[in-house]
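Down below is the structure, laid out as structure tokens.
The values are calculated or read from the model by the stated rules, or taken from the named source; none is laboratory data. Please read these numbers as outputs of a predicted model, since none were measured by experiment. For accessibility, only protein heavy atoms count, side chains too; no ligands or nucleic acids. Shrake-Rupley method; radii C 1.70, N 1.55, O 1.52, S 1.80 Å.
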Amino acid sequence: MKERIKRYLERNKWIYLWVVISILFAIIVQWLFSKPASSEIFHAKWGAGDILTYASTVALGLLAVWQNQKFKEENDKAQERLEELTKQANELSIIGRMIDNKSQKLDNLRHAFSDFEAACNVGTITSLCISSTKIASAHSKLSEHAQKLPRLCNMLETEIAGNWGVKYKDISSKIFKLNSLALKIVDQCSGIVSSKENKKTYDDGKITALLKEYAEAYDEFSKARDSYIMETEFLLNAISYKNITLEEIREYIKEP
């Protein structure tokens, strides 16, 4: 209760001050006009009512100026609050669209990684090497895979390039290395098919060494993929559930 009274007095202190000054002014005027003038110079030409009317008019004018100034200050504050609320609403709208975009991007990345891995996992590449010993079906399978790998690789790289806020150089280098090795192995398998068709001998030790190198490269790719997906999920969660500003999101975008 005391706090409420204190706040009320602080808020209306100028009104009370004005009342006190008005009363004091009226008392002083009354006292001055109750005394005879000591000199003709100080003999009043106005009446006490005239002076009070003049003082009241001036005071009301000053009060009107003060009220207009207070109104302008309050209006400016209200405008600033409105602009701030509008800015916050716009930022929340943009952040909402960013969350939707990042969620869709994460889904696209998972599908792109899945398609790429289905075409270039160690089991698939090994089965291609085995099929190269079967002349009837080898050419079509190898040709189809040689065309599919670059296309899937490009699709995955496109999704990664559009995934703002996440570092991509490491995963991109692993994808490039894996794709290059896969194409090299496919090329070697094609050479095996040609050698068998022409009844020539071929060096299967080279394929074995390539498959070993490929398995190591695939492990590196898998680790980089998991790390990349986790970083994307972390960024999505940070935007969705933490009190992160639009400016901080922009800094995320600049970092990679």
For region 102-114, in residue order, the Karplus 3J(HN,Hα) values (coefficients 6.51, -1.76, 1.60; θ = phi - 60°; whole Hz; Gly and Pro = x) are 5, 4, 5, 5, 5, 5, 4, 5, 4, 5, 5, 5, 4
Extension gain, L63 back to N101 (0.36 nm per residue minus Cα-Cα distance, nm): 8.0 nm
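Calculate, for region 67-181, the solvent-accessible area per residue in square angstrom, rolling a 1.4 angstrom probe over the heavy atoms of the protein chains.
Per-residue accessible area for region 67-181 comes out at 61 Å².
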Extension gain (nm, one decimal) between S143 and T208, 0.36 nm per residue minus Cα-Cα: 21.3 nm
